[in-house]
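> Encoded as structure tokens, here's the structure I'll be asking about.
The values are calculated or read from the model by the stated rules, or taken from the named source; none is laboratory data. Nothing here was measured: the structure is a model prediction, and the numbers come from that model. Quick reminder, even Gly has a Cβ in these numbers, built from the backbone with ideal geometry, and neighbours come from all protein chains shown.
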Amino acid sequence: MSFDREQPRFENRYDAGRQLAGKLGGYKGQSGVVLAIPNGGVPVGLEVALALEADLDLVISRKIPLPLNPEAGFGAIADDGTVILNEELVKRVGLSQHQINYQINRVRAEIRQRSLLHRRDKPLAAVSGKRIIIIDDGLASGFTMMAAVTSVRRRHPKEIVVAVPAASPAALEQVEKVADKVVTLATGSMPRFAVADFYRNWYDVSDDEVIQCLKEWRMRHFRSNMNSHEN
């Protein structure tokens, strides 16, 4: 479904996750792994993982902000060190190598902090030979997702499916080049695309909410395993 003006499609990220899970029903019970991009992708990923009876973990990928314009990014970095740059934007803005390296090092430090907070000493998710579904709350430029996909691809999964509630046409085109399959519920052709426009209740997801989502999944997963053993 395509939108050419602002109209909320989802109540919040949890609602978006439940709707997205409905489109991913064919993957239910296939022992896949849902990797959510924190912070915003985690509530979406929680609902998808619960509906598909899949494992839930994180792939930490962050945009590299432009100097003096932190809302815009010129690439992204994933938690294994993978860097994806928007070379066209880098040339157009005229960033020096020093500026690029400085911003990359700042984001790497932020990823390390986020990884310690959310993962503690836990290693990156084992994905070799598995079907992986990478989740975020939306795709604007697509570079954060591209870094995540490229990172996970290096660990030899069976298949990488990218699933997001909403995306811009340009981001879809970029991500389709690196993923095996891309699933989305809505695309937007508005002049200034914003993921937030698709949500009635949009807010910055806190680290506490990410931790709570992961705890909820572990609790629900534990109960499900206990019930299956009793039966």
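> Go through the stretch 195-211 and give me each residue that's surrounded by 14 or more Cβ atoms within 10 Å (Cβ to Cβ), out of contact with any helix residue (DSSP H, G or I) (no Cβ under 6 Å at 6 or more places or on another chain) and within 12 Å of ASP137 (Cα to Cα).
VAL195, ALA196, ASP197, PHE198, TYR199, VAL205
> Being assigned to a helix (DSSP H, G or I), farther than 18 Å from ALA148 by Cβ and either touching a strand residue (DSSP E or B) at 6+ places or on another chain (Cβ under 7 Å) or of a type in the set (Val, Ile, Thr) (or both) narrows it down to one of VAL107, VAL90, so name that one. Can you show your working first?
On the way: VAL107 fails: farther than 18 Å from ALA148 by Cβ.
From the options VAL107, VAL90, the qualifying one is VAL90.
> Name the residue, out of ALA163, ALA140, ALA194, that is touching a residue at least 12 places away in the same chain (Cβ under 8 Å), in contact with an Asp or Glu (Cβ under 9 Å, 6 or more places away or on another chain) and within 19 Å of GLY73 (Cα to Cα). First the steps, then the outcome.
On the way: ALA163 fails: within 19 Å of GLY73 (Cα to Cα); ALA140 fails: in contact with an Asp or Glu (Cβ under 9 Å, 6 or more places away or on another chain).
Selected residue: ALA194, the only one of ALA163, ALA140, ALA194 that is touching a residue at least 12 places away in the same chain (Cβ under 8 Å), in contact with an Asp or Glu (Cβ under 9 Å, 6 or more places away or on another chain) and within 19 Å of GLY73 (Cα to Cα).
> So, one more: Being part of a loop (DSSP other than H, G, I, E, B) and in contact with a helix residue (DSSP H, G or I) (Cβ under 7 Å, 6 or more places away or on another chain) is the filter; apply it to the stretch 54-80 and report the residue that is surrounded by the most Cβ atoms within 10 Å (Cβ to Cβ).
Looking only at the stretch 54-80, we keep the residues that are part of a loop (DSSP other than H, G, I, E, B), and these are 54, 59-60, 67-68, 79-80.
Then keep just the ones that are in contact with a helix residue (DSSP H, G or I) (Cβ under 7 Å, 6 or more places away or on another chain); that gives 59-60, 67, 79-80.
Working: VAL59: 27, ILE60: 24, PRO67: 13, ASP79: 22, ASP80: 17.
Step by step, filter the stretch 54-80, then rank; the result is VAL59.
> Now, a different point. Within the set of pairs 6+ apart or on separate chains, which have a first residue in the stretch 10-37 that is modelled with pLDDT under 95, a second that is part of a helix (DSSP H, G or I), and C-beta atoms under 6 Å apart?
TYR27/LEU52; LYS28/LEU52
> Let me ask another. Scan the stretch 78-101 for residues that are touching a residue at least 24 places away in the same chain (Cβ under 8 Å) and hydroxyl-bearing (Ser, Thr, Tyr) and jot them down.
The one that is touching a residue at least 24 places away in the same chain (Cβ under 8 Å) and hydroxyl-bearing (Ser, Thr, Tyr): THR82.
> Given the conditions (1) at pLDDT 95 or above; (2) surrounded by fewer than 19 Cβ atoms within 10 Å (Cβ to Cβ); (3) of a type in the set (A, V, I, L, M), and given that VAL90 satisfies all but one, which numbered condition is not satisfied?
VAL90 satisfies every listed condition except (1).
> So ASP4 fits all but one of (1) farther than 28 Å from ARG192 by Cα; (2) modelled with pLDDT under 90; what number is the exception?
(1) is the only condition that ASP4 fails.
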